[in-house]
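The structure appears right after this line, and notes come after that.
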Amino acid sequence: MGGLKLRRLASSLLSPVPAASPGSAADAHNAVARATAHHPSTAPPSAHHMDALLAFGRGSRLSAAALAAAFVDRLRAAASGQGDAAVALKCLVALRVLLARGAFILRDQLLAALARHPASGRNPLALAAFPLGLGGRRSSSSSFAAASWVRFSARLLELVLLLPDAAPAGADAEYLVALPNPHLVAELAAFVVVADAVRHAPPPPSSGPQPDALVWEAVRLAEEDRVAAERNIAARVQEMGERLDTLSLADAVELICVLRRVEEGSAPPAPEWKWAGLDKGVVGAARRLRERAEGVVLRRTVEERRLVRRDAGGSTSARVLVPARVAAGGDAARFASTRWAGTVSAWR
């Protein structure tokens, strides 16, 4: 019995120790490399590989952070030199799926890793200069399409990361009702930017005997983002219509600017690429709300003028008047944020 115990102890001491535990940095880099391998260059990440990536979100925060860091390293390597469009586009497709389906811990770490660094300014998604003239094993037209969609998908992912967190299922109405007016207008503007970006997406390669499934997967994900943005635009337009009379002058002016962008998104930007614009019902609701908002701006302007007349006699300060053409949607109504710079001015 004593000899058996000694042999077991010696066997455990002499057995090789695993190089890395599950969820380590090495595991993360290996999982990302397998999911985003260059070959086959026209196939998106497989379901098996995506399941392996999603598993990092069911572990510790360290394992999720390791996966996020591995994606950043993979993207930088793919964008270096002449660029590898297949690897870069697979990374962006995988990241979009992980952000939609991953656990909270994984999404949180991906958001932190992909955001622009406040000190250094480094941005893993800054791929606007990704090389378009790629040589190698892919045909020239397919290479150009893949590289174009690398640029577009990276920019779209940047915009998606700026969207507000999705409200719990069935709680959209309660979430919107609780938002202050400036936040509701800002969220509406964010979703309009996403919908407008998708409207200007590059055309995918023509469907041939062997279509580029990787690019078409990126097209499908972009269409999902457009549909989701349209649904959120419709919900916020409806909610804004319920509280329009409570808007301040600055919020009403900002709302008019955003709604005009919604109206401009009803048609594709180019006839050769038939990307669907916003739904006509959504655009019609935005147009009606914009007309009502212009009435609110006009009333607020009249109120400002009355205050100025009342205080003009003995006051040492007065409010700057809003130009009347704001109500007509002129250039004076185009402000970049809800903090309207010309609301109040004082002089002596």
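Structural remarks
- Of all residues in the range 176-186, those being modelled with pLDDT of 95 or more and within 21 Å of the chain's Cα centre (by Cα) number 5.
- Out of Ala197, Ala201, sole residue that is open to solvent by less than 40 Å² (accessible area, probe 1.4 Å) and farther than 22 Å from Ala286 by Cα: Ala201
- Selected residue [at pLDDT 95 or above, among the small types (Gly, Ala, Ser) and not in a loop (DSSP other than H, G, I, E, B)] from Ala250, Ala218: Ala218
- Leading residue by the ranking (modelled with the lowest pLDDT) among those in the range 260-276 that are part of a helix (DSSP H, G or I) and more than 14 Å from Ala186 (Cβ to Cβ): Glu264
- Filter pass, Ala234 being touching a residue at least 12 places away in the same chain (Cβ under 8 Å), more than 29 Å from Ser148 (Cα to Cα) and open to solvent by less than 30 Å² (accessible area, probe 1.4 Å): no
- When the range 132-175 is filtered for residues that are open to solvent by less than 40 Å² (accessible area, probe 1.4 Å), at pLDDT below 90, assigned to a helix (DSSP H, G or I) and of a type in the set (A, V, I, L, M), only Ala145 remains.
- Any helices (runs of 4 or more DSSP H) falling wholly within the range 6-94 and containing at least 2 residues that are crowded, with 21+ Cβ neighbours inside 10 Å and at pLDDT 90 or above: 25-35, 61-79
The values are calculated or read from the model by the stated rules, or taken from the named source; none is laboratory data. Being a predicted model, the structure only gives us computed values, none of them experimental. All Cβ positions, glycine included, derive from the backbone under ideal geometry; neighbour counts span all protein chains shown. For the accessible areas, the whole protein counts, side chains as well, though only heavy atoms, and no ligand, DNA or RNA atoms are used. Shrake-Rupley method; radii C 1.70, N 1.55, O 1.52, S 1.80 Å.
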